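Where a number appears in this text, it was derived from the coordinates with a stated rule and is not lab data. Note that the coordinates shown come from a computational prediction; the quantities given were computed from them, not determined experimentally. Reconstructed Cβ throughout: ideal geometry from the backbone, glycine too, with neighbour counts over all protein chains shown.
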Amino acid sequence: MTATLFDLTFLVAAPFWALMIFAPKWSWTRRIAESYLIVLPPALIYVVLLVPELFEVLPLVTRPELGPLAEYLATDSGTALVWAHMLAWDLFVGRWIYLEGRRLDIHPLVVAPVLVITILLAPVALPLFLVIRKLCDTTNRGATVVTGQ
């Protein structure tokens, strides 16, 4: 079952990525991406994988040590759990990048490569997009998200 859930995790996230990358201006893409529920499928898989492992995982995350954590992550359960966690988080970050790109009217040909990088290396893509966002936000519209003004 672990291997099936591992494979399923990407399959449930991929349609959302495809919409944001290949159909960014389609009205349904924005409607779908505006819902926080798009991160639910990989997050639910994470929960399904976590529940039977909870008592093994809790000590690893509350008192992390490299050796025991590496040992757990080397198991099928550990790998599948981290994979689901990564894909749920990457999709959440990608969703925000997509929505910010649309809100600031950043050209889809600029945002799409950043979304591809987000799928592969989200911690690299996020600061990259923050730089792009700053360069493209000439009227400082990003501040209205925080201040409401």
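Table for the structure above
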quantity	calculated
If the convex hull is drawn through the Cα atoms of segment 10-79, its volume per residue in Å³	114 Å³
Extension gain from residue 139 to residue 48, taking 0.36 nm per residue of separation minus the Cα-Cα distance	28.3 nm
Extension gain from residue 105 to residue 65, taking 0.36 nm per residue of separation minus the Cα-Cα distance	10.0 nm
The chain - mean residue ellipticity at 222 nm from DSSP helices (-39,500 (n - 2.57) per run, n ≥ 4, rounded to 500)	-26500 deg cm²/dmol
Angle in degrees between helix 76-103 and the longest Cα principal axis of the chain, rounded to the nearest 10	10 degrees
Solvent-free Debye scattering, log10 I(q)/I(0), computed from the Cα coordinates of segment 1-40 at q = 0.20, 0.29, 0.33 Å⁻¹	-0.61, -0.94, -1.07
By average C-beta atoms within 10 angstrom, highest first, the peptides 94-105, 73-84	94-105, 73-84
Longest to shortest principal axis, alpha-carbon extents of the chain, angstrom	49, 30, 26
